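Visitor: I'd like to ask some things about the structure below.
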Amino acid sequence: RFTLPFLLGVSLLLAGLIGWLPVRRWLQWALVGILVSLAIGVQFQVANAARRDWTTQQRFFWQLAWRMPDLEPGTSLMVNDLPVRYYTDNSLTAPLNWYWAPDNQSQEMNFLLYYPHQRLGRSLEALEPGLALDEDYLAARFHGNTSQVVAIVFQPPACLRVLDAGVDYDNRMLTAELQAAALLSSSQWISIEGPDAADRLPAALYGAEPAHGWCYYFSQAELARQEEDWEQVAELGNLAFNLDDKPNDPVERLVFIEGYAHTGEWNRAEELSRQALEITPMMNPLICHVWERIDRDVPDSLEKKDSLEQVTSGLNCEG
């Protein structure tokens, strides 16, 4: 937008230069045609990139609304660099506050969205607990702390996912910054009570609520896991795995592995563990951590002992 005032002058200069060229008139018109074609092509690419960015933003906020019915004021969302060209964490902080704190008329923002990869060493001193997070956007300010963080990864076509501090600190499919942010992350700042997603986001901007596919059931299962409602996690898993839609990230199976283990469906938990490991060996430490948690939290039984032996025998779990 800063170059728009120069367009008229550049057009006149370019026309003058083409007219000055000592070539036949038809060659001048051919050159004009080539330049106009290139300009149209560039505009088409820019428009297409903007369209893709808008689609990504719509998906991001719909899935965020499914996963986070409400947030505790003062919460910072630490997110991977989203695959968009025309939005930054600065610009995405605005709709986050508009839609999750619509009644806030003060100059103190309730929420902040940060890309730790971009901010670390600058406005974000370190990915450690207890550090102040202060951001002044002139029109509004945010005052928070790294001890009140929800870390998120959104890499479509995979679903939006809140990072699990007990698992994702060792997730080698994440950047080092996100692994560190996972240790700060807690779902305690997410409330399961809040407006429905369709009431949270304005339909005039974000359209109708998307059909409830895999990512919807995954987000609901994560909410149920947050409340340790394991029966609900398993029930949502039964619905999700019967869809035509399937997970696009092996990590999305972990919540259902825990849900099935807690409800005594050990064969299903074992099967999902094998499926995740077959996709990539980088799932090995994550599956180990989940089964360590299952071993700690699920009451002992012969079925549990057999499943632990079956799963961990094919894993390289340390300690």
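The values are calculated or read from the model by the stated rules, or taken from the named source; none is laboratory data. Keep in mind the model is a prediction, meaning the values are calculated, not measured. No Cβ is skipped: glycine too gets one built from the backbone with ideal geometry, and neighbour counts run over all protein chains shown. These accessible areas exclude ligands, DNA and RNA; they are computed on the full protein's heavy atoms, side chains included. Shrake-Rupley method; radii C 1.70, N 1.55, O 1.52, S 1.80 Å.
Visitor: Amide H neighbours of S147 under 5 Å, counting only residues 5+ apart in sequence or on other chains, H built in-plane at 1.01 Å?
Guide: G130, L131
Visitor: Grab the eigenvalues of the alpha-carbon gyration tensor for the stretch 138-194, scale each by 5, take roots, and send me the semi-axes largest first in whole angstrom.
Guide: 21, 15, 14
Visitor: Give the carbon-plus-sulfur fraction of the accessible surface of the stretch 9-121 in %, rounded to a whole number; probe 1.4 Å, heavy atoms of protein chains only.
Guide: 63
Visitor: Under the rule of -39500 (n - 2.57) per DSSP H run of 4 or more residues, summed and divided by the residues of the chain, what mean residue ellipticity at 222 nm is obtained, to the nearest 500 deg cm²/dmol?
Guide: -16000 deg cm²/dmol
Visitor: Ok, one more. Mind jotting down the distance between the C-alpha centroids of the stretch 241-271 and the stretch 122-197, whole Å?
Guide: So the separation of the two Cα centres works out to 25 Å.
Visitor: Moving on. Where in the stretch 106-141 are there trypsin sites (Lys or Arg not before Pro) that are in a DSSP coil and have at most 13 other Cβ atoms within 10 angstrom of their Cβ?
Guide: For trypsin sites (Lys or Arg not before Pro) across the stretch 106-141 that sit outside H, G, I, E and B with at most 13 neighbouring Cβ atoms in 10 Å, the list reads R122.
Visitor: Now for a different question. Mind checking the dipole of the stretch 1-147: about its Cα centre, +1 per Lys or Arg Cβ, -1 per Asp or Glu Cβ, Debye to the nearest 20? Write out the running numbers ahead of the final one.
Guide: Details: 11 positive and 12 negative charges, 250 e Å.
It comes to approximately 1200 debye.
Visitor: Would you work out which of A101, L13, L236 lies farthest towards the positive end of the dipole of the chain, given +1 charges on the beta-carbon of Lys and Arg and -1 on that of Asp and Glu, about the Cα centre?
Guide: Positive-end residue among those listed: L13.
Visitor: By what distance, in whole Å, do the Cα atoms of the stretch 75-145 stretch along each of the three principal axes, largest value first?
Guide: So the extents along the principal axes, rounded to whole Å, are 32, 31, 19.
Visitor: If you average the sequence gap of Cα pairs under 8 Å that are 6 or more apart and divide by the length of the chain, what percent do you get for the contact order?
Guide: Numbers: 424 pairs, mean separation 46.7, N = 319.
That works out to 15 percent.
Visitor: Excluding ligands, DNA and RNA, what is the solvent-accessible area per residue of the stretch 154-288 at a probe of 1.4 Å, expressed in Å²?
Guide: Per-residue value: 44 Å².
Visitor: Give, in nm to one decimal, the length gained when the segment between S301 and A139 is fully stretched (0.36 nm per residue of separation minus the Cα-Cα distance).
Guide: Roughly 52.5 nm would be gained on extension.
Visitor: State to the nearest 20 debye the size of the charge dipole of the stretch 216-319 about its Cα centre, where the only charges are +1 on K and R beta carbons and -1 on D and E beta carbons. Let's see the in-between values first.
Guide: Numbers: 9 positive and 23 negative charges, 47 e Å.
Taking the Cα centre of the stretch 216-319 as origin, the dipole is about 220 debye.
Visitor: Taking every alpha carbon pair in the chain, what does the distance histogram look like in 10 angstrom bins from 0, in percent?
Guide: 5, 22, 27, 19, 12, 7, 5, 2, 0, 0
Visitor: Which value, in Å², gives the accessible area per residue of the stretch 1-112 when a 1.4 Å probe is used on the protein heavy atoms?
Guide: 63
Visitor: Same structure, new question: Taking the Cα centre of the chain as the origin, how large is its charge dipole in debye, to the nearest 20, when only Lys and Arg (+1) and Asp and Glu (-1) carry charge on their Cβ atoms?
Guide: 2400
Visitor: What angle, in degrees between 0 and 90 and rounded to the nearest 10, separates the Cα long axis of helix 284-297 from the longest principal axis of the Cα atoms of the chain?
Guide: Rounded to the nearest ten degrees, it is 40.
Visitor: Counting only protein heavy atoms, what percent of the accessible surface of the stretch 203-262 is carbon or sulfur at a 1.4 Å probe?
Guide: Accessible surface attributable to carbon and sulfur in the stretch 203-262 totals 43 percent.
Visitor: Using a 1.4 Å probe and counting only protein heavy atoms, arrange C215, C317 so the residue with the most accessible area comes first.
Guide: I get C317, C215, largest accessible area first.
Visitor: Okay, moving on. May I ask you to evaluate 6.51 cos²θ - 1.76 cosθ + 1.60, the Karplus curve with θ = phi - 60°, for each residue of the stretch 78-93 and list the ³J(HN,Hα) values in order in whole Hz, giving x for glycine and proline?
Guide: Once θ is set to phi - 60°, the couplings for the stretch 78-93 become 9, 10, 4, 4, 5, x, 10, 9, 10, 10, 10, 4, 4, 5, 6, 5 Hz.
Visitor: Skipping prolines and chain starts, which residues have an amide H placed within reach, meaning under 5 Å, of the one on S191, given they are 5 or more residues away or on another chain?
Guide: Here D70, L71, E72 satisfy the definition.
Visitor: Only Cα pairs within less than 10 Å get springs; with that Gaussian network setup on the chain, which residue of Q43, Q179, Q220 has the largest fluctuation?
Guide: Q43
Visitor: How much of the DSSP bridge set in the chain is antiparallel, in percent, rounded to the nearest 5? The partial results should precede the final answer.
Guide: Working: 9 of 19 bridges.
If we restrict to bridges inside the chain, about 45 percent are antiparallel.
Visitor: Residue separation times 0.36 nm, minus the C-alpha to C-alpha distance between Q43 and D103: what's the value?
Guide: 17.7 nm
Visitor: If I take every Cα pair under 8 Å that is 6 or more residues apart in the stretch 270-317, average their sequence separation and divide by the length, what percent do I get for the relative contact order?
Guide: Values: 22 pairs, mean separation 24.7, N = 48.
After rounding, I find 51 percent.
Visitor: Here is a further query. Considering only protein heavy atoms and a probe of 1.4 Å, how much of the accessible area of the stretch 267-311 is carbon and sulfur, as a whole percent?
Guide: On the way: 1220 of 2470 Å².
Summing carbon and sulfur atoms, their accessible area is 50 percent of the total for the stretch 267-311.
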